[in-house]
1. With N residues in the protein assembly as shown, what two-decimal value do you get for its Cα radius of gyration over 2.2 N^0.38 Å?
2. Over chain B, what is the mean sequence separation of C-alpha contacts under 8 Å (at least six apart), divided by residue count, expressed as relative contact order in percent?
3. In what sequence do B:Cys124, A:Cys128, B:Cys28 fall when counting other Cβ within 10 Å, fewest first?
4. Skipping prolines and chain starts, which residues have an amide H placed within reach, meaning under 5 Å, of the one on A:Tyr319, given they are 5 or more residues away or on another chain?
5. Note down the relative contact order for segment B:187-280 as a percent, whole number, built from C-alpha pairs under 8 angstrom at least six residues apart.
6. Excluding same-chain residues fewer than 8 positions from A:Lys146, which aspartates and glutamates have a Cα within less than 19 Å of its Cα?
7. Once chain A is represented by equal point scatterers at the alpha-carbon sites, with solvent omitted, what log10 I(q)/I(0) does the Debye formula produce at q = 0.10 Å⁻¹?
8. Under the classification rounded if a/c is under 1.5, otherwise prolate if a/b is larger than b/c and oblate if not, where does chain B fall, given a ≥ b ≥ c as square roots of the Cα gyration tensor eigenvalues?
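Read the figures in this text as sums done on the coordinates, not as results from a lab. Owing to the predicted nature of the structure, the values given are computational and were not obtained by experimental measurement. Cβ sites come from the backbone with ideal geometry, for glycine too, and all protein chains shown count toward neighbours.
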Amino acid sequence: MAIPYTLEFEKPLVEIEAQIEALEAEGDDKDAGFRKEVARLRKSHQTLLKKIYAGLTPWETVRVARHPKRPQFRDYIKLLCKDFCELHGDRRFSDDPAIVTGFGRVGAIKCMLIGHHKGRDTNEKLACHFGCAHPEGYRKALLKMKMAEKFGLPIVTFVDTPGAFPGIGAEQRGQAEAIAVNLLEMSRIETPIVSVVVGEGGSGGALGIAVADRVAMLEHAWYSVISPEGCAAILWKEANAETNNLAATALNLTAKDNKRLGIVDEIIKEPVGGAHRDPAHAARNIEKWITDQLIELERVKPTLLPGRRYERFRKLGEYETLKPARDGTGD
Amino acid sequence: MTQITSKTWSELKPVGSTRVPEGLWLRCPACGAMIYRKQMEANQHVCPECEHHYRIGARERIRQLADDGSFEPMFDDLVSGDPLKFTDLKGYKERLAAEQKRTGERDGVQAGRVFVKGRPAMLCCLDLTFMMGSMGSVVGEVVTRSIEYATAHDLPLVVVSCSGGARMQESGLSLMQMAKTSAALARHDDAGGLFISVLTDPTTGGVSASFAMLGDIIVAEPKALIGFAGPRVIKQTIRQELPEGFQRSEFLLQSGLIDRVVHRHELRNEIARIIDYANK
């Protein structure tokens, strides 16, 4: 029950957990008073957990989204698919482990699954560059998407990245071009695409696999143009506890903010206390949303999908028009 | 997305200051020669001694590329709202107002129909002088409308990029402009349209990772900084010095990422030539 990695706002919870553990260690199970006390503590733990997670600040949300126990793409694959068939490589340069691709079934629906993977232990994290993909990762994703289109499979993407990798090789091999081409090609793929931001939605690196017909965010995920630290370092001249907090709030990066702005269509509920407390529960909620969307989208003629997808993104952005257009789209 | 702003700017500028300092004479930041300002300006803002390309705003760019008097401005009636009520050390609204007052422009982009050596085209220039040419909703919308207009009228599309990336103050909405502009280019491509992307110093972040790198033909001015991540972020991440000339136009040419490096004096001719070769 106790989670060794503790977020500071979870400290009151850890205290109660410690109390329960201590009681259980010495208490007598047949004693009604003891049982009552444990039940009381458990209840207050649950109430507090609910309260804390209902009132997370944007910066706390970012911390939850990065929780080391938070389920990652490969965890969701295991929870969702019995017969995942991983497909490797971009056929050009290498196989980027930061983006995982393959055939799989979500519910009863055969799909092409694509997602960022950050890695769990140190070695895996290093191999995956902490979920920061290289150009070959984006190219691999696109290659598999094109194949999905060819075979009439819907595409399901899981977004969870701090951002695309900033490095010499990445630049040399065209990081910007790789992402840009994905944005362009995803907009015209004639098969349904649904995306879920399950953890971090870091900028272009996230969007590079998220130009979809429907986009959802897990309740405690974040999605923004830049990380709060990056933003704080530039606009507040320094990233520290205080400015990260301010930047996270200013960036409107929570699921609720993104829903309000029309950037995502839906917020997928997480179990009380975050997906890391009950990954299977989170996976069930994700599965339900994905299958609902795919059943709807499969009724649409594939050739009509790009046009609708275009309209979805076309309307995003807020500006004011000063005077009647001198010239414009009505021309 | 890595953005370049005033903070990181000092490390990103090639060798000298962004704007040409006031005064009759100035010292070239690249070669150190004292040059007569008017001579430099008459030389399309290129150092007469060492060919250093000074950064120029959108108006000057249009003046250099378009046939005299042919530019018909379009989509110039859009202004940024402040959808997120964004405030850092200063409010976004105040920042915008200050930039508008300083530059006399509404946002960081100019677009319109032009003739380039007699060839009709749609020209869209990002404006580095306005908030580092960063892309928020207005820039994204103007670029998208320019693309759509070019598609609808079968005009060659020329976009001159210079930008620090997506504009942080509009957060997710800025990010979405990357998808929007790229999706519009997919339609332009489907319609058989020509897109010439001109990269100038600097083109990074969300602009390079969307329309700027999607040209049928991509040309860059000499020694322009072009990349996804800014050099400072890369240096911090990999903790090593970056090679000489890294992320400059010539490096991109060698890496196979762009078609040509073109001197500013030749840009107009090159654009006209490409339009001819593409039968547009």
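1. 1.02
2. Relative contact order of chain B: 17 percent.
3. Going from least to most buried by this count: B:Cys28, A:Cys128, B:Cys124.
4. Close amide H contacts, sequence-distant or interchain: B:Gly81.
5. 28 percent
6. List returned: A:Glu86, A:Asp90, A:Asp95, A:Asp96, A:Glu136, A:Glu177, A:Glu185, A:Glu190, A:Asp213, A:Glu298, B:Asp189, B:Asp190.
7. -0.63
8. rounded
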